[in-house]
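Participant: Please find one structure pasted underneath; my questions will follow.
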Amino acid sequence: MSGNDEQDDVHGERRAGPQAAREARYRSYEAQGESSIRADLDESADTDPEAAYKRAWLRGKEATRQDEQFRAMFASVASANDAAQLARDSARASRRSAFWTMIAALAAASGVVLNAAIELGWLDWLRR
């Protein structure tokens, strides 16, 4: 391994080191819980060397929570839109059904009137 390769490895470790340290730190925060981290910040925000990391972690948690709320809100809006579309389709079908029911009722009423006219002899002049 040459000197440059060793330098690249060292720099690679430096790049991976802070990332790994941050992930480990965030895992420990996750294990402690959000309320515990908030309490720690409230008690010793000025003296805690990890206060900035804790605030960043809490901001990330809040952003995640807001994203979840947005997704839930969007799903709710989409569901309401789908329900409204189904209601419109149902109303349209109901109007069609009402129209044909009215036509059937008019036909039945015409039949009743015609039958009554025949029985009463009002249409005898048609037979002649």
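Participant: More than 33 Å from the chain's Cα centre (by Cα), among the aliphatic types (A, V, I, L, M) and at pLDDT 85 or above: which single residue out of ALA84, ALA51, ALA107, ALA72 fits that description?
Facilitator: On the way: ALA84 fails: more than 33 Å from the chain's Cα centre (by Cα); ALA51 fails: at pLDDT 85 or above; ALA72 fails: more than 33 Å from the chain's Cα centre (by Cα).
One residue alone meets the criteria, ALA107.
Participant: While we're looking at this one, here's another question. Tally time: how many residues in the stretch 61-92 are within 30 Å of ARG22 (Cα to Cα) and free of Cβ contacts under 8 Å to residues at least 12 places away in the same chain?
Facilitator: So the count comes out to 11.
Participant: Quick check, is SER35 modelled with pLDDT of 80 or more, part of a helix (DSSP H, G or I) and either under 31 Å from the mean Cα position of the chain (by Cα) or aromatic (Phe, Trp, Tyr) (or both)?
Facilitator: Working: modelled with pLDDT of 80 or more: yes; part of a helix (DSSP H, G or I): yes; either under 31 Å from the mean Cα position of the chain (by Cα) or aromatic (Phe, Trp, Tyr) (or both): yes.
For SER35, the condition - modelled with pLDDT of 80 or more, part of a helix (DSSP H, G or I) and either under 31 Å from the mean Cα position of the chain (by Cα) or aromatic (Phe, Trp, Tyr) (or both) - is met.
Participant: Would you check which residues across the stretch 101-128 are surrounded by 10 or more Cβ atoms within 10 Å (Cβ to Cβ) and assigned to a loop (DSSP other than H, G, I, E, B) and list them?
Facilitator: Once the filter is applied, which keeps residues that are surrounded by 10 or more Cβ atoms within 10 Å (Cβ to Cβ) and assigned to a loop (DSSP other than H, G, I, E, B), the stretch 101-128 yields TRP122, LEU123.
Participant: In addition: Taking the condition of being surrounded by 12 or more Cβ atoms within 10 Å (Cβ to Cβ) and in a helix (DSSP H, G or I), how many residues in the stretch 45-76 meet it?
Facilitator: Qualifying residue count for the region: 9.
Participant: Also: Inspect the stretch 37-55 for any residue being of a type in the set (Val, Ile, Thr) and farther than 30 Å from PRO18 by Cα and give the result as yes or no.
Facilitator: Going through the stretch 37-55, the residues of a type in the set (Val, Ile, Thr) turn out to be 37, 47.
Applying the additional criterion that residues be farther than 30 Å from PRO18 by Cα yields none.
No, every residue in the stretch 37-55 fails to be of a type in the set (Val, Ile, Thr) and farther than 30 Å from PRO18 by Cα.
Participant: Under 26 Å from the mean Cα position of the chain (by Cα), at pLDDT 80 or above and in a helix (DSSP H, G or I) - does that describe any residue in the stretch 7-19? Outline the logic, then answer.
Facilitator: Taking the stretch 7-19 first, the residues under 26 Å from the mean Cα position of the chain (by Cα) are none.
Within the stretch 7-19, not a single residue is under 26 Å from the mean Cα position of the chain (by Cα), at pLDDT 80 or above and in a helix (DSSP H, G or I).
Participant: Still on this structure: Charged (D, E, K, R), within 30 Å of GLN19 (Cβ to Cβ), part of a helix (DSSP H, G or I) and in contact with a helix residue (DSSP H, G or I) (Cβ under 9 Å, 6 or more places away or on another chain), is that true of GLU30?
Facilitator: Numbers: charged (D, E, K, R): yes; within 30 Å of GLN19 (Cβ to Cβ): yes; part of a helix (DSSP H, G or I): yes; in contact with a helix residue (DSSP H, G or I) (Cβ under 9 Å, 6 or more places away or on another chain): yes.
The answer is yes for GLU30.
The values are calculated or read from the model by the stated rules, or taken from the named source; none is laboratory data. Here the structure is a predicted model, which is why all the values come from computation and not from measurement. For neighbour counting, all protein chains shown are included, and Cβ atoms are generated from backbone atoms with ideal geometry for every residue, glycine included.
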